[in-house]
Amino acid sequence: MSAGSALRVLGSTGDDLDRALLDEWVIWQRARNVSDKTITERVLVVRRLRCAATISAVDVDRFLSNPLWSKATRATYHGAIRAWCLWLVRTKRREDDPTLIATPPRVPKRRPRPLADEHLAALLETKMHQRTHAMILLGAYAGLRVGEIAKIRGEDVDLITKSISVTGKGDKRRDVPLHPILQTLAADMPPRLWWFPTWVGNARHAAGGPMLGNSVSAVISRTMNRAGIPGTPHALRHWFGTALRAAGVDSLVIKELMGHESLGTTAIYVDVPVTQRTSAVGLLPDLVRHRPAAAEDAFASTARA
């Protein structure tokens, strides 16, 4: 079937063919190693579109104009629709990409939101299960995402080289050196299979499979709420990057440890402490040799007062 005839059919049958195309799109993305989480999120957005294959630029703008959505949500939804439309163009289902004509949402600049040292210390003093404590330590002292924490196996940890092999986004692996705190933790954790297995009945079964990242996030969130600690589990990862920067670690090293593609992404996580900013400004040379007369008089009168 040609692209033109496919669009004519879609115009008459609508949702049924949209679902068939979505199934093909899912297969196409999986073949290109797009993560299951990303695929699921994209499909959920596109399914909310009416006659998604024939959507126009006006339809995109109308869909994204929901006043209840934040700027960040609109930007995320726009990205999902754009990925869908690009696939339709590449597979010759349509000739144009309406997201190029629609007004792209302005994405607010994200700021680092690390957990304060005092909050992290209080959180670690809170009574909790041993494995919840282990999850928090992995987030703070290895900078792991909740999905990465969920998939840690005993085989990923090398106590001889004192490192942990982490599978990150896009199934990319990186080796993170074990902080002494994590070396102690690893010695008490299972040397094989999943560290955080799913529950089957009334028992954990490491041979079954790992917890979901969302479940790890929920476990940590409940503990933070109970302890009265503000923020989200992801703030532990922000603390990791920020604490390294405060210790004088080069941004390129932090980028590699966190598994980022670019320094721009790392900058979102790393907050430069006020003390370092103040010290930096203090390093500027004093080149003022002569103060203007008017300014001198004003300065002198202020000093006398």
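Cα centroids of region 236-262 and region 151-183: 16 Å apart. Peptides 243-254, 186-197 ordered by packing proxy, namely the average of other Cβ atoms within 10 Å per residue, highest first: 186-197, 243-254.
Amide H to amide H, with H built 1.01 Å from N, SER163 comes under 5 Å of ASP158, LEU178, counting only residues 5 or more places away or on other chains. Pairs spanning more than 32 Å between alpha-carbon atoms, out of LYS71/LYS162; LYS37/LYS71; LYS37/LYS162; LYS71/LYS172; LYS37/LYS92: LYS71/LYS162. The slack between THR265 and GLU41, meaning 0.36 nm per residue of separation minus the straight C-alpha distance, is 78.6 nm. Loop-resident chymotrypsin sites (Phe, Trp or Tyr not before Pro) (DSSP state other than H, G, I, E or B) in region 42-96 with no more than 15 further Cβ atoms inside 10 Å of their Cβ: TRP69. Stretched out straight at 0.36 nm per residue, the stretch from GLU256 to THR198 would grow longer than its current Cα-Cα span by 17.9 nm. Annotation: peptides 88-94, 234-240, ranked by per-residue average of other Cβ atoms within 10 Å with the highest first, follow the order 234-240, 88-94. The 3J(HN,Hα) values that the Karplus relation (6.51, -1.76, 1.60; θ = phi - 60°) gives for region 243-248 are, in residue order, 5, 5, 5, 5, 7, x Hz. Gly and Pro appear as x.
Read-outs: derived from the displayed coordinates by stated rules, not from any lab. Remember, predicted model here, so these are calculated numbers, not experimental data. Don't worry about glycine lacking a Cβ; one is built from the backbone with ideal geometry, like all the others, and counts go over all protein chains shown.
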